[in-house]
Amino acid sequence: MDIVDFIIVAVTFFIMEGLTWVIHKYVMHGLLWALHRDHHDHSNKGNLEKNDYFFLIFATPAILMMYTGVRNGFSPVFYVGAGVSLYGMAYFFVHDIFIHQRLQFLRNTKNPYLLAIRRAHKQHHKHTGKQHGECFGFLWVPIKYFKMYFKKQK
């Protein structure tokens with residue numbers, strides 16, 4: 001991998017945050033609310049939610065991009081797919097493992113960034129319905145959630 005390939009992966013990863021916000025707000029809380037609803041109202045039975053199907057919805061294009069990129073001599077399409085995949089892995093580890101504690105990991109963290117992510121996500125889940133949500137992003141947390149943490153420290 002050369003520097004251009006690395007830049008493509010990194011830029012794609014960061015662009016995914018903006019796309020995640022748009023997709024979460026307008027698709028998951030819009031057209032595909034039927035799949036996302038159980039993540040908010042906990043109406044699912046068992047460990048898996050309908051919301052977990054989004055993994056397949058988002059992973060499929062990334063896998064296809066990587067496959068196409070490999071078939072074309074590791075073209076830039078492969079590195080875009082790799083950036084999307086890395087973002088997906090980060091999302092899984094932070095959202096499913098850290099925030100929702102599907103595995104007990106970093107439960108008692110004191111890290112201000114991680115606590116701000118957790119607080120923002122909690123605010124997002126405060127709204128159990130499709131409307132009136134907030135904090136649709138994932139890794140970029142509004143500054144007010146950092147301020148909440150630092151106020152507690154005093």
Please find, among Asp38, Asp5, the residue that is farther than 23 Å from Lys144 by Cα, among the acidic types (Asp, Glu) and either open to solvent by 40 Å² or more (accessible area, probe 1.4 Å) or touching a Pro at 6+ places or on another chain (Cβ under 8 Å) (or both). Asp5
Against the condition open to solvent by 60 Å² or more (accessible area, probe 1.4 Å) and closer than 24 Å to Trp140 by Cα, how does Ile63 come out, does it pass? no
Taking the condition of being more than 18 Å from His121 (Cβ to Cβ) and either without any contact (Cβ under 8 Å) to a residue 24 or more places away in the chain or not in a helix (DSSP H, G or I) (or both), how many residues in segment 28-41 meet it? 4
What are the residues in segment 8-35 that are at pLDDT below 95, open to solvent by less than 40 Å² (accessible area, probe 1.4 Å) and within 16 Å of Ala59 (Cα to Cα), if any? Glu17, Thr20, His24, Met28
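Let's see how each residue does on (1) among the hydrophobic types (A, V, I, L, M, F, W, C); (2) not in a helix (DSSP H, G or I):
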| site | (1), (2) |
| --- | --- |
| Ile8 | yes, no |
| Asp52 | no, no |
| Tyr67 | no, no |
| Gly73 | no, yes |
| Gly88 | no, no |
Quick check on segment 90-98. Is at least one of its residues open to solvent by 30 Å² or more (accessible area, probe 1.4 Å), modelled with pLDDT under 85 and either within 20 Å of Arg37 (Cα to Cα) or not basic (Lys, Arg) (or both)? no
Can you find, within segment 116-126, the residue that is modelled with the lowest pLDDT among those that are open to solvent by 40 Å² or more (accessible area, probe 1.4 Å) and farther than 16 Å from Asp96 by Cβ? Lys126
Taking segment 41-58 and keeping only residues that are open to solvent by less than 60 Å² (accessible area, probe 1.4 Å) and in contact with a helix residue (DSSP H, G or I) (Cβ under 6 Å, 6 or more places away or on another chain), one is left with Asn44, Glu49, Asn51
Take Tyr87 and tell me if it is surrounded by 12 or more Cβ atoms within 10 Å (Cβ to Cβ) and under 19 Å from Ile7 (Cα atoms). yes
Cβ-Cβ distance below 6 Å, separation of 6 or more or different chains: which pairs start in segment 90-102 with a residue that is within 13 Å of Leu115 (Cα to Cα) and end on one that is at pLDDT 80 or above? Ile99/Arg118; Ile99/His121
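The values are calculated or read from the model by the stated rules, or taken from the named source; none is laboratory data. Everything quoted here is computed from the prediction, not taken from an experiment. Using ideal geometry, Cβ is built from the backbone for each residue, glycine included, and neighbour counts are taken over all protein chains shown. Surface accessibility is based on the protein's heavy atoms, side chains included, excluding ligands, DNA and RNA. Shrake-Rupley method; radii C 1.70, N 1.55, O 1.52, S 1.80 Å.
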